[in-house]
Amino acid sequence: MQGDPEVIEFLNEQLTAELTAINQYFLHAKLQESNGWTRLAKYTREESFDEMRHAERLTDRIIFLEALPNYQRLFHVRVGQTVTEMLQADRQIEVEAIDRLRRGIEVMRTKGDVTSANVFEYILADEEHHIDYLDTQLELIEKLGEPLYLAQQIEQPDSAGSDSDSGKY
């Protein structure tokens, strides 16, 4: 089924955003893990995997519409140096995604591509949940201060050594 060029462009633009988010969240998770903020790192890493699942849905839809997914471009990866900067950078990706997804849904519905609009709506729900989480974390940092917030993000490894696959040398 041949897709509308404007719909395909929206799908590819969101794919670019998802691929960028995968990299940014994964890097932030590794930096968080390196700093000992393991609870936060686990959440951020899972968000990276969620973005990968979004990229897969978009890829499948683009291919179904007989187009080629663009895996060759990325938007700018924003790397935070502090936990606040990381969360703000991740929030910015979500703000941009939500705007793009809403615009895309409108275009897709206007063009009669309900299935692509449904894909975008599914992703939009996830992104709204993530931005809510990020807003909550930033509010906690504002109320508690970074040191107390970070104290809550530390988990001690269990004595069984289950963290042996964490990639440490």
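From the set of residues in the range 155-165 that are surrounded by 11 or more Cβ atoms within 10 Å (Cβ to Cβ) and not in a helix (DSSP H, G or I), which is modelled with the lowest pLDDT? Explain how you work it out, then say what you get.
Here is the first cut: in the range 155-165, the residues surrounded by 11 or more Cβ atoms within 10 Å (Cβ to Cβ) are 155, 157, 163.
Narrowing further to those that are not in a helix (DSSP H, G or I): 155, 157.
Values: Glu155: 82, Pro157: 66.
Selected residue: Pro157.
Name the one entry in Arg39, Arg91, Arg61, Arg57 that is surrounded by 15 or more Cβ atoms within 10 Å (Cβ to Cβ), under 15 Å from Gln137 (Cα atoms) and of a type in the set (Lys, Arg).
On the way: Arg39 fails: surrounded by 15 or more Cβ atoms within 10 Å (Cβ to Cβ); Arg61 fails: under 15 Å from Gln137 (Cα atoms); Arg57 fails: under 15 Å from Gln137 (Cα atoms).
Unique residue meeting the criteria: Arg91.
Screening Gly80 with (1) farther than 22 Å from Glu121 by Cβ; (2) exposed (fewer than 15 other Cβ atoms within 10 Å of the Cβ) gives one miss only, at (2). Would you check which residues across the range 108-148 are crowded, with 19+ Cβ neighbours inside 10 Å, free of Cβ contacts under 8 Å to residues at least 60 places away in the same chain and among the small types (Gly, Ala, Ser) and list them? Hit for the range 108-148 is Ala117, nothing else.
Residues of the range 109-158 that are of a type in the set (Phe, Trp, Tyr) and under 19 Å from the mean Cα position of the chain (by Cα): Phe120, Tyr122, Tyr133.
What residue, among those in the range 1-19 that are under 21 Å from the mean Cα position of the chain (by Cα) and surrounded by 21 or more Cβ atoms within 10 Å (Cβ to Cβ), is farthest from Glu96 (Cα to Cα)? Filtering the range 1-19 for residues that are under 21 Å from the mean Cα position of the chain (by Cα) and surrounded by 21 or more Cβ atoms within 10 Å (Cβ to Cβ), the one farthest from Glu96 (Cα to Cα) comes out as Ile8. Against the numbered list (1) assigned to a loop (DSSP other than H, G, I, E, B); (2) at negative phi; (3) small (Gly, Ala, Ser), Ala125 comes up short only at (1).
Please return the ranges of helices (runs of 4 or more DSSP H) entirely within the range 1-118 where 2 or more residues are touching a Ser or Thr at 6+ places or on another chain (Cβ under 8 Å).
Working: elements: 5-34, 38-64, 83-110.
Here the list reads 5-34, 83-110.
Which numbered condition in (1) under 21 Å from Asn23 (Cβ atoms); (2) surrounded by fewer than 14 Cβ atoms within 10 Å (Cβ to Cβ); (3) touching a residue at least 60 places away in the same chain (Cβ under 8 Å) is the only one that Gln152 fails? Status for Gln152: all satisfied but (1).
The values are calculated or read from the model by the stated rules, or taken from the named source; none is laboratory data. These numbers were taken from a predicted model, which means no experiment stands behind them. Positions of Cβ are generated from backbone atoms using ideal geometry, with glycine treated the same way; all protein chains shown enter the neighbour counts.
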